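Each reported figure results from applying straightforward, stated rules to the coordinates on display, with no laboratory input. As the structure is a prediction and not an experimental result, all values here were calculated from the model. Cβ placement follows ideal geometry from the backbone for every residue including glycine, while neighbour counts extend to all protein chains displayed.
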Amino acid sequence: MSKYSGQLHRLFLKHFGTEPVMFRSPGRVNLIGEHTDYNQGFVLPAAIDKATYIAIAPRMDDQVNIVSADLEQQYHFSLQDVGKSGLHWPDYIIGVVQQLLALGSPIHGFDIAFGGNVPIGAGMSSSAALECATAFALNRIFDCGLSSLEMVKAAQRAENQFVGVNCGIMDQFASMFGKDGHVIRLDCRSLDYTYIPFRMEGYRVALLDTGIRHNLSDTEYNTRRMQCESGVALIQMRYPEVQSLRDVTMQMLNDCIRPGNEIIYKRCKYVVEENIRLMQACSDLEENDIRSFGERMYSTHEGLAKLYEVSCPELDILVEETRLLDYVPGSRMMGGGFGGCTINLVREDHVDELVKTVGERYKKQTGKNMSAHIVTIGNGTSAVNNPFSD
Ligand code: GAF
């Protein structure tokens, strides 16, 4: 048992006095392909070695008792009365419960404790990890018979319909389907996916954390999605075959959106370019061309900052400060934006130097402390050392 699941196990016993079963669901990184998932494009995420852990045991009644180990808070509700908690954090669990009930799953009450080491609001998908862990755990203990993909979709709907963030499917998919040593090239339209070996020998993935905590539902995330949809509606007037920005070329964009619609144009341009970049980056990966892959990461950041406008000064500083470091081939903001982390490829013998150099420059420019997470690519959602173990 890891440190986290061991602590959680003890906490559960203390609170509920019964033996739980345990599950874990990881956070994720995304190498390239940002804000493309809800435009039915491609993404390149991977599960990481930071996870949310759940200890859970079924009850005989309809009561649900939740304990958050990290926040040291509790929340209780009845399955007869499933509604928003008003606290935010329990909503990720309640939203999944609601989705499983809507699917007719035979769930009843349960006691649950959760915690872990996916930093909240840092862009590593702590929310998707909790949703996927909950869906996976309920599916197991109540024998709901859901497939992994059905659980991913239920988790995404929980976030869209209950929490209120109109996110795409990337985070939940990566958390559930992650595979040790591999990135996932996911087609967010067909949901076909390929595992690509992540073979960047001699390099590590470093996440540099601005310390700025975002809350996607409080930000412009939903607005960006609407702007993309507005762009598609304009393009469809001339090209009715277009279903999403995935189908759009620069020629179509130039024909249909400018002038007068500068903001919509910029948003769409970023997405069209990012889809093309992702395909080229996959070829780089296959050819093990880290320099070229890294340059595309910088281009993605440029697009996210200037066209999509989801960066912030702190993220820009972290990316800019790596520009002159030849041991960092690529860096960019990661995830929804407005805070959180940058993702960096760094030569493994220079990891400490990167953290020290950029951390000091960040402090000098912002007055804030930067932290670093050096992550490895791991497996997706699973049981942890329990009777149902695979
Ligand atoms: C967040 C969302 F949850 C994802 O679906 C994705 O859109 C990402 O932002 C941006 O690529 O993590």
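Quick rundown of the values:
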quantity: Residue of 341, 268, 312 that the Gaussian network model of the chain assigns the largest fluctuation, springs spanning Cα pairs under 10 Å; calculated: 312
quantity: Principal-axis tilt of helix 126-141 within the chain, Cα atoms, nearest 10 degrees; calculated: 40 degrees
quantity: Listed residues 58, 20, 259, most fluctuating in the chain (Gaussian network, C-alpha, under 10 Å); calculated: 259
quantity: For residue 49, distant residues with modelled amide H under 5 Å away; calculated: 376, 378
quantity: Cα-centre dipole for the stretch 2-197 with unit charges at Cβ (Lys and Arg positive, Asp and Glu negative), debye to 20; calculated: 300 debye
quantity: Nearest-ten-degree value, helix 221-236 long axis tilted from longest Cα axis of the chain; calculated: 50 degrees
quantity: Anchor residue 266: lysines whose Cα lies under 28 Å away (excluding residues fewer than 8 positions away in-chain); calculated: 306
quantity: Amide H within-cut-off set for residue 168, under 5 Å, with H built and near neighbours excluded; calculated: 38
quantity: Within the stretch 104-119, backbone nitrogen closer than 19 Å to the virtual label 7 Å beyond the Cα of residue 63 toward Cβ; calculated: 107-114
quantity: Partners for residue 153 among lysines (Cα-Cα distance below 26 Å; same-chain residues under 8 apart left out); calculated: 50, 84, 179
quantity: Per-residue [θ]222 nm for the chain (sum of -39500 (n - 2.57) over DSSP H runs n ≥ 4, rounded to 500); calculated: -12000 deg cm²/dmol
quantity: Sequence-distant residues sharing a close amide H with residue 332 (under 5 Å, placed H); calculated: 343
quantity: Size of electric dipole in the stretch 128-237: Cβ of Lys, Arg +1 and of Asp, Glu -1, about Cα centre, debye, nearest 20; calculated: 140 debye
quantity: Rounded to whole Hz, the Karplus (6.51, -1.76, 1.60) HN-Hα couplings of the stretch 261-274, x for glycine and proline; calculated: 10, 4, 5, 4, 4, 4, 4, 5, 4, 4, 5, 4, 5, 5
quantity: Calculated from backbone phi, Karplus (6.51, -1.76, 1.60) coupling profile of the stretch 293-304 in Hz, x at Gly/Pro; calculated: 4, x, 4, 5, 4, 4, 5, 4, 4, 4, x, 5
quantity: C-alpha center-to-center spacing [the stretch 174-251, the stretch 1-76] in angstrom; calculated: 23 Å
quantity: Nearest-ten-degree value, helix 351-366 long axis tilted from longest Cα axis of the chain; calculated: 80 degrees
quantity: The stretch 160-260: relative contact order as a whole-number percent, Cα under 8 Å and 6+ apart; calculated: 20 percent
quantity: Length-normalised contact order of the chain in % [C-alpha pairs under 8 Å, at least 6 apart]; calculated: 23 percent
quantity: Debye intensity ratio I(q)/I(0), log10, the stretch 2-197, q values 0.08 Å⁻¹ (C-alpha model); calculated: -0.24
quantity: Karplus-derived HN-Hα couplings along the stretch 95-104 (A = 6.51, B = -1.76, C = 1.60, θ = phi - 60°), whole Hz, x at Gly and Pro; calculated: x, 5, 4, 4, 5, 5, 4, 4, 7, x
quantity: Gain on full stretching of the segment that runs from residue 363 to residue 295 - 0.36 nm per residue minus C-alpha separation; calculated: 21.9 nm
quantity: Principal axis dimensions, largest first and in whole angstrom, of the stretch 102-204 by Cα; calculated: 49, 31, 26
quantity: Stretchable slack from residue 306 to residue 143, in nm (0.36 nm times residue separation minus alpha-carbon distance); calculated: 53.9 nm
quantity: The stretch 277-356: relative contact order as a whole-number percent, Cα under 8 Å and 6+ apart; calculated: 26 percent
quantity: Percent of beta bridges antiparallel (DSSP, the chain, rounded to nearest 5); calculated: 90 percent
quantity: Positive minus negative residues near residue 156 (Lys, Arg vs Asp, Glu; Cβ under 9 Å); calculated: -1
